[in-house]
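Here is the structure we will look at.
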Amino acid sequence: MSGDLTALIVGTLLAVGAVAFVLYPLFFGTSPSKGASSDRTVADDSAIAALREIEFDRATGKLSEADYSELRKAYGDRALRELRSEKTLVVSDPIEARVRAYRLTHRECPTCGLRPEPDAIYCSTCGSFLDGRCPRCSAAITETSAAFCSACGATLAPLAQRL
């Protein structure tokens, strides 16, 4: 009889524990997991959600390859614009905020990338004019360390900044 009573008590405790485990989120709520990203706020009708939807439709056979490639191109371009816009990006990571601020204050060379000098006019590696075009006539500046535009003769950088 004592063996039956022990099994009944253990079974009852397990059942109560299972019910408590299942009902805990309903009564106390849950916090987002560490894997969940709260950095980006994306609306349900965004291009990113549409990309996920067409991926699912293609995987389940509801969408042909031709339709998928057409929709992927259209939604991919729109999703990139959304991700690059200031409205959809909420920077909560302090490192990401510093990188973003650094990129906004430093110039970029088309061949060498981001320059470490915040006031650079010419690339310190290859010597290219960082604007790439003449401010007066919009002609492309291809010569390295060019002080003047070869098309109109305009000064590309004041003498004090070149030294």
Residue check, PRO135 against (1) over 30 Å from ARG52 (Cβ atoms); (2) under 18 Å from the mean Cα position of the chain (by Cα), all met but one. Which one?
(2)
Could you grab me the full set of residues in the stretch 130-145 that are out of contact with any Ser or Thr (no Cβ under 8 Å at 6 or more places or on another chain) and either small (Gly, Ala, Ser) or outside any loop (DSSP other than H, G, I, E, B) (or both)?
GLY132, ARG133, SER138, ALA140, SER145
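Read-outs throughout are calculated quantities, based only on the coordinates presented, and are distinct from any laboratory measurement. For clarity, every value in this text was computed on a predicted model and none was experimentally measured. Positions of Cβ are generated from backbone atoms using ideal geometry, with glycine treated the same way; all protein chains shown enter the neighbour counts.
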